[in-house]
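Single-structure report; data block below.
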Amino acid sequence: MTEQKILAAFENLLTGRVNEILQGCEFKIAPVEFDAPAGVGAVAPVLRLTECERSEKERIVRLDAFALTVSLNVPETADSERDVYAYGAAVGKAVAEDSTLGGVADRAVITGKKYVPPKKAYCGDGWELVISLRVIVEGMTV
């Protein structure tokens, strides 16, 4: 299924290229891992994929559009604000370098980034990064 391929490709992008970018940072930033328990030196993202409403042009040329939302919860530390911005920049750079998600999609574009601070400092909540993407696939096959 196309949906599974999109999710798998984005998981590979996060655990591959995004982690490479983060390793090259001046500061130590926890890597992105999907099977990591909370608070063990890694950040576990949550991916949500939904089908988007298509424009008339997209319907005519048989393009399928998906909305992909990536949520990263960064545990609160003295550096968590800096880290959440680093994750946002790393994902942005990785998507710009590989906007086809390894050939799975025709185009993936970040449509928004939302940085959410904790409601109250040092009370157990962390920073959250929510990245929204639009993924276009030509001629979806079932």
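The values are calculated or read from the model by the stated rules, or taken from the named source; none is laboratory data. Keep in mind it's a predicted model, so treat the numbers as computed, not measured. As a convention, Cβ positions derive from the backbone with ideal geometry for all residues, glycine included, and neighbour counts pool all protein chains shown. SASA here: full protein model, heavy atoms, side chains in, ligands and nucleic acids out. Shrake-Rupley method; radii C 1.70, N 1.55, O 1.52, S 1.80 Å.
Kindly check whether there is at least one residue in region 21-32 that is within 25 Å of E138 (Cα to Cα), touching a Phe, Trp or Tyr at 6+ places or on another chain (Cβ under 8 Å) and assigned to a strand (DSSP E or B). Break it down stepwise before answering.
Within region 21-32, the first condition is being within 25 Å of E138 (Cα to Cα), and the residues that meet it are none.
No, the conditions are met nowhere in region 21-32.
Report, by residue number, each residue of region 37-82 that is closer than 21 Å to Q23 by Cβ and open to solvent by less than 20 Å² (accessible area, probe 1.4 Å).
Those that are closer than 21 Å to Q23 by Cβ and open to solvent by less than 20 Å² (accessible area, probe 1.4 Å): A42, V43, P45, V70, L72, V74, S80.
Of the numbered conditions (1) among the small types (G, A, S); (2) touching a Gly at 6+ places or on another chain (Cβ under 9 Å); (3) without any contact (Cβ under 8 Å) to a residue 40 or more places away in the chain, A30 fails exactly one; give the number of that condition.
Failing condition for A30: (3).
Being surrounded by 15 or more Cβ atoms within 10 Å (Cβ to Cβ) and out of contact with any helix residue (DSSP H, G or I) (no Cβ under 9 Å at 6 or more places or on another chain) is the filter here; which residues of region 108-135 pass it?
Correct list: D125, V130, S132, R134.
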